[in-house]
Amino acid sequence: MEPMMTMMKGNEALGEAAIRAGCRFFFGYPITPQSELPAYMARRMPEVGGTFLQAESELAAVNMLLGAAATGVRAMTSSSSPGYSLKQEGISYMIGSQLPCVVVNIMRGGPGLGNIQPSQSDYFQIVKGGGHGDYRMIALAPAAVQELVDLTILAFDLADFYRNPVALVGDGLLGQTMEPVSFPPVKTTDDDKDWALTGAHNRPKRVITSLELNPENLEAHNRVLQAKFAAMEEREARWEEYRCEDAELVVVAYGTSARIARAAVDAARNMGLRVGLYRPITLWPFPGEGLTRLAEQGVRRFLDVEMSSGQMVEDVKLAVLGRARVDFYGRLGGMVPTPREILGQIQELMGGEA
Amino acid sequence: MYTHEVLIAGFGGQGVLTAGQLLAYAGNLEGQHVSWVPAYGPEQRGGTANCSVVISDQPVACPLVSEPTACIVLNQPSLEKFEPMVQPGGTLVVNTSLCTTRPKRTDITVVPAPATDLAVELGAIRFANMVALGALLAVVPMVKTESILEVLPKVMGEDKAQYVPINREALKIGMEEARRVLMV
């Protein structure tokens, strides 16, 4: 490892990565456990000639984001679970309007106001579309602070490429953890956004809207969107396989759960148990193809671990499609599993061996 | 291969989070793999605070420490909560100035140190965290003292650089106390 990497909290590293990716507009509203991010942006944006604005509510923030994105600039908003719920109306509008932006959800315990501890119970909301209409959005789920930096930069590129919002999905633990990070050089492209509202002087006017009263036209517009979503599904699924080569049991987990599960997998391996870890990096598109392959190669059991009552496990089952047994272990309400707990589950499923 | 899983706990305001950050920054300075994470909640002044620090020669698997190999407890509630969690063979530094009971475990190395009293003798109560940290480092030298002093201005602010000498003294007092009580 390179010594003297910068120590940063996840929330702050996310902010710095966004600025390096060219983000110059941030609209937010404070909510624990992501408040270090707007605080960081409030300090840094003026230094780079950007704009930080604390809105009067999450609804205001997401609609400010819509406005900024319509002008073609790189812009972002962030929140935690209850605040993210409020932002979904705006996300639906932005997807309908084909506007690129990055939205962050540093998840906490729910439902309702819940608490401020780490959670992963917004998977359905983010992946299945909590807003209205036929929409999809790429959702990136980093497991450590360096990956959070790398995926933040990727998020802006993917948003611009597809003209679609991209979700960055973390939890309170990732946001609060401080680790060494390095910031890769970022190539910011000044691609001409030939759709952006930049003032119609000496050019034909452009219109950005999600409103289309004619159903035939709206169906055609939906076909365009669906073609984009299909392209994302085709190209953007990302995952990591760890010690899966000869595994009999594979743990499936993302984000913080995956990081903890990895320690459990190492401990199981030390006991001679053939266990691997399958870590989705994109939650949508869900990276099912590797799971399907592992099931076909002879993995007999999958253990899905989440800080939820079992949401991603539905997608795991769809990918495995009955070829292997899929079990679930989850902690709820802001509780974080320990490596020992997950190891206990692994041992139990493998017949109490070792 | 080694992994130090450190948990530091006490009252809010005792410098629990700062002591943990100093450890993590020092480990990073030395090129070790590190992480730091605070227990966060609806906290209040005088409430309990703790943080997890991992220092390893491997990439950090789990930043949240549930079974510490090394633990500092600066007050009685922290002693009661975390003594049972220390891994067998681990080290527990106890601030005897503020802990009314003594650890019962016999399968861990207990380092009793009157950190608060020693800090007051040194000149200010706020150095208790550094005295305790010194006591821990005497038993588990996971980072060098000099590394901690080097990162101190970065963690606490450049205007605190003038306090490096007294922090050096606090670490030294803690180390000497640990060596004295353990006779090492």
Legend entry - Tabulated pairs, the stretch A:40-66, first among the polar types (S, T, N, Q), second at pLDDT 95 or above, C-beta under 7 angstrom, 6+ apart or interchain: A:T51/A:R24; A:T51/A:F25; A:T51/A:M45; A:Q54/A:G28; A:Q54/A:Y29; A:Q54/A:P38; A:S57/A:Y29; A:N63/A:G90
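Residue by residue, here is whether (1) within 9 Å of chain A (Cβ to nearest Cβ); (2) touching a Ser or Thr at 6+ places or on another chain (Cβ under 6 Å) holds:
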{"site": "B:A9", "(1), (2)": "no, yes"}
{"site": "B:T18", "(1), (2)": "no, no"}
{"site": "B:Q32", "(1), (2)": "yes, no"}
{"site": "B:V54", "(1), (2)": "no, yes"}
{"site": "B:P63", "(1), (2)": "yes, yes"}
Inset, instruction - Go through the stretch A:109-128 and count every residue that is open to solvent by 20 Å² or more (accessible area, probe 1.4 Å) and within 14 Å of chain B (Cβ to nearest Cβ). - result: 5
Inset, instruction - Sort out which residues of the stretch A:321-348 are within 14 Å of chain B (Cβ to nearest Cβ), of a type outside the set (K, R) and surrounded by 19 or more Cβ atoms within 10 Å (Cβ to Cβ), and write them in order of number. - result: A:G334, A:V336, A:P337, A:P339, A:I342, A:L343
Inset, instruction - Kindly indicate which of A:A155, A:A139 is touching a Phe, Trp or Tyr at 6+ places or on another chain (Cβ under 6 Å) and away from every other protein chain (no Cβ under 14 Å). - result: A:A139
Inset, instruction - Identify, from the list B:S78, B:S147, the residue that is hydroxyl-bearing (S, T, Y), assigned to a helix (DSSP H, G or I) and over 26 Å from B:Q58 (Cα atoms). - result: B:S78
Legend entry - Single residue of A:V103, A:V73 found to be among the β-branched types (V, I, T) and not in a strand (DSSP E or B): A:V73
Legend entry - Where B:P84 falls short, out of the listed (1) within 27 Å of A:M8 (Cα to Cα); (2) open to solvent by 50 Å² or more (accessible area, probe 1.4 Å): (1)
Legend entry - Unique residue being within 14 Å of chain A (Cβ to nearest Cβ) and over 15 Å from B:M142 (Cα atoms) when the list is B:E83, B:E67: B:E67
Inset, instruction - Return a yes/no flag: does the stretch A:216-230 have any residue that is without any contact (Cβ under 8 Å) to a residue 24 or more places away in the chain, under 26 Å from A:V104 (Cβ atoms) and either basic (K, R) or in the same structural domain as A:Y135 (by TED's automatic domain parsing) (or both). - result: yes
Inset, instruction - Scan the stretch A:17-29 and give yes if some residue there is open to solvent by less than 10 Å² (accessible area, probe 1.4 Å), over 20 Å from the mean Cα position of the chain (by Cα) and more than 14 Å from every other protein chain (Cβ to nearest Cβ), otherwise no. - result: no
Inset, instruction - Report yes if some residue within the stretch A:259-267 is among the charged types (D, E, K, R) and over 30 Å from A:G172 (Cβ atoms); otherwise report no. - result: no
Legend entry - Of residues in the stretch A:129-161 being farther than 27 Å from A:F183 by Cα and in contact with an Asp or Glu (Cβ under 9 Å, 6 or more places away or on another chain), the one least open to solvent (accessible area, probe 1.4 Å): A:G131
Legend entry - The listed residue being over 18 Å from the mean Cα position of the chain (by Cα), more than 25 Å from A:D192 (Cβ to Cβ) and of a type in the set (A, V, I, L, M, F, W, C), out of A:M41, A:M64: A:M41
Legend entry - Selection status of A:G170, within 14 Å of another protein chain (Cβ to nearest Cβ), outside any strand (DSSP E or B) and crowded, with 19+ Cβ neighbours inside 10 Å: no
Inset, instruction - Look at B:A39 and say whether it is hydrophobic (A, V, I, L, M, F, W, C) and more than 18 Å from B:E67 (Cα to Cα). - result: no
Inset, instruction - Go through the residues of the stretch A:289-304 one by one and say whether even a single one is open to solvent by 30 Å² or more (accessible area, probe 1.4 Å) and either in a strand (DSSP E or B) or assigned by TED's automatic domain parsing to the domain that holds A:G172 (or both). - result: yes
Inset, instruction - Please work out if A:Y135 is aromatic (F, W, Y), in contact (Cβ under 8 Å) with a residue 40 or more places away in the chain and under 24 Å from A:G22 (Cα atoms). - result: no
Legend entry - Filtered residues of the stretch A:229-266 (kept if within 14 Å of another protein chain (Cβ to nearest Cβ), surrounded by fewer than 23 Cβ atoms within 10 Å (Cβ to Cβ), on the phi < 0 side of the Ramachandran plot and outside any helix (DSSP H, G or I)): A:E240, A:Y242
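Yes/no per residue for (1) open to solvent by less than 10 Å² (accessible area, probe 1.4 Å); (2) within 12 Å of another protein chain (Cβ to nearest Cβ); (3) at pLDDT 95 or above:
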{"residue": "B:G46", "(1), (2), (3)": "no, no, no"}
{"residue": "B:P59", "(1), (2), (3)": "no, yes, no"}
{"residue": "B:C71", "(1), (2), (3)": "yes, no, yes"}
{"residue": "B:N75", "(1), (2), (3)": "yes, no, yes"}
{"residue": "B:S78", "(1), (2), (3)": "yes, no, yes"}
{"residue": "B:P88", "(1), (2), (3)": "no, no, yes"}
Inset, instruction - Would you mind telling me which numbered condition in (1) part of a helix (DSSP H, G or I); (2) open to solvent by 10 Å² or more (accessible area, probe 1.4 Å) A:F183 fails? - result: (1)
Inset, instruction - Check the stretch A:59-68 and report whether any residue there is more than 20 Å from A:F156 (Cα to Cα), assigned to a helix (DSSP H, G or I) and either within 14 Å of chain B (Cβ to nearest Cβ) or touching a Lys or Arg at 6+ places or on another chain (Cβ under 8 Å) (or both). - result: yes
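The values are calculated or read from the model by the stated rules, or taken from the named source; none is laboratory data. Please read all numbers here as calculations on a predicted model, not as lab measurements. Heads up, the Cβs are rebuilt from the backbone with ideal geometry, glycines too, and the neighbour counts pull from every protein chain shown. With ligands, DNA and RNA removed, areas are computed over all heavy atoms of the protein, side chains included. Shrake-Rupley method; radii C 1.70, N 1.55, O 1.52, S 1.80 Å.
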